[in-house]
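The values are calculated or read from the model by the stated rules, or taken from the named source; none is laboratory data. Computed from a prediction, not measured in an experiment: that's the story for all the values here. Ideal geometry is used to build each Cβ from the backbone, glycine not excepted, and the neighbour counts take in all protein chains shown.
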């Protein structure tokens, strides 16, 4: 077997495996169930908590996390993934109750601000950042 | 009408020239004056009564215009409050497990139900 052909077959097998893995995470109508999102969020929770505790990441007033300090690419990617999942959840609830996802995010932000432990950076409704006491 | 935007429609009249309408020229020649006092002639009285009637008919209509929007507001507010409560509940159901596992979010202690006052 020629090497080029071998690599072509290997590539096809890899794509097939990736497609099967993605299909398993989706419902038959092509949507990703909330349980999958929650598992992903649960996996990244310790890392996100560490960043929040160190002050690199804060909770903004829209219900999303935001990089405040210098966390590098790691923090940026983690925050982007978390915000993507949160946006999906907010959009889902917004569709359910016929309201804007932003409103759902605002309500979640309020809850986070109430529940956050001291030392966590939060964004006030007026846009200013403060450390919870 | 703005003369700078629609110069042709205004006949090329500049802004400075727009002002009070010039008084109409006095009637020329013999005949009855058009704008005489209402008491001076029967035609004038009739015209005056006609204007009064039109004004009287228009008054109730003008009074009915500003009533409608007031009644809708309480219903709208009630619906919003109910929806917000439902959204909060759904968000809590979804994020509750995550919040419990999180080290940066503390569970908010819900106020315990107060015992009923002892009756003598």
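Descriptive notes on the structure:
- When residues of segment B:85-106 are limited to those that are within 7 Å of another protein chain (Cβ to nearest Cβ) and over 21 Å from residue A:83 (Cβ atoms), the one modelled with the lowest pLDDT: B:106
- Only one of A:45, A:34 that is touching a helix residue (DSSP H, G or I) at 6+ places or on another chain (Cβ under 8 Å), modelled with pLDDT under 90 and either at the interface with chain B (Cβ under 10 Å from one of its Cβ atoms) or within 25 Å of residue A:115 (Cβ to Cβ) (or both): A:34
- Meets criteria (at pLDDT 95 or above, closer than 27 Å to residue B:86 by Cα and within 14 Å of another protein chain (Cβ to nearest Cβ)) for residue A:59: yes
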